[in-house]
Amino acid sequence: MGMREQIETAAARYPDRRSAIMPALLIAQKAHGHLPGPVLEEVADILGVERIWVYELATFYTLFHTEPVGRFHLQLCDNIACMLCGAERLLAHMETVLGIGKGGTTPDGLFTLSTVECLGACEMAPVMQVGDDYHGNLDAARLDALLGSLRAHAGRLATVDPASAPSPGE
Ligand code: FES
């Protein structure tokens, strides 16, 4: 199902199409990787809502990316519980290990580093979200292991022979 059809399906669940902007943005972001202006306008046009409403939500929530992000988006919570459990040290550690600052992307396009507000998982602070996964009770050693496994995962995907991969529709 294409993006338009998915958005139409999502919109059908709401009495007001404006209420479907958030799920529509998630669908569009999954389809395009991020949400540049033309994609935001397409979402607004599909829903038949004001473009400014779509822009407002896309630029307010950190889960939406109007700029390209790396293959793995490292979103470290720096809110109060995580901060008290060492989030600042972990951020500094990742900045050193990855050689980028907050908001930056590694030159190989693998990692983008961000800080976000409370992820709602304070019981396992400090917490970082990577894609759809949460990683909690982090310390420098666990972070290094996580970054290593993400690099290895990316390497494994890169070595898959395209000729042996199933073709679309199979
Ligand atoms: S403060 Fe970090 S998850 Fe709540």
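What follows is calculated from the coordinates using simple rules that are stated; it is not laboratory data. Because the structure is predicted, anything quoted here is derived from the model rather than measured. Every residue, glycine among them, receives a Cβ derived from its backbone with ideal geometry; neighbour counts consider all protein chains shown.
Quick notes on this one:
- Where no second cysteine Cβ lies under 4.7 Å, the cysteines concerned in the chain: CYS85, CYS118, CYS122
- Mean-position separation - Cα centroids, segment 52-80 and segment 86-130, in angstrom: 13
- If you take all other residues with their beta carbon under 14 Å from the beta carbon of THR59, and give Lys and Arg +1 and Asp and Glu -1, the sum is -2.
- Helix 21-32 axis, angle to the chain major axis (alpha carbon atoms, nearest 10°): 70
- Acute angle (nearest 10 degrees) that the helix 37-47 long axis makes with the longest principal axis of the chain, alpha-carbon atoms: 50
- For segment 72-164, the share of DSSP beta bridges that are antiparallel, to the nearest 5, is 55%.
- Among the chymotrypsin sites (Phe, Trp or Tyr not before Pro) in segment 1-97, those located in a DSSP loop and surrounded by at most 16 other Cβ atoms within 10 Å of their own Cβ are TYR61.
- Net charge of Cβ neighbours under 14 Å - reference ASP108; Lys, Arg +1; Asp, Glu -1: +2
- Its DSSP H runs of at least 4 residues, each contributing -39,500 (n - 2.57), put the calculated 222 nm mean residue ellipticity of the chain at -14000 deg cm²/dmol, to the nearest 500.
- The chain: most fluctuating residue of VAL97, VAL69, VAL54 per GNM, C-alpha cutoff 10 Å: VAL97
- C-alpha long axis of helix 140-158 to longest principal axis of the chain, angle in °: 50
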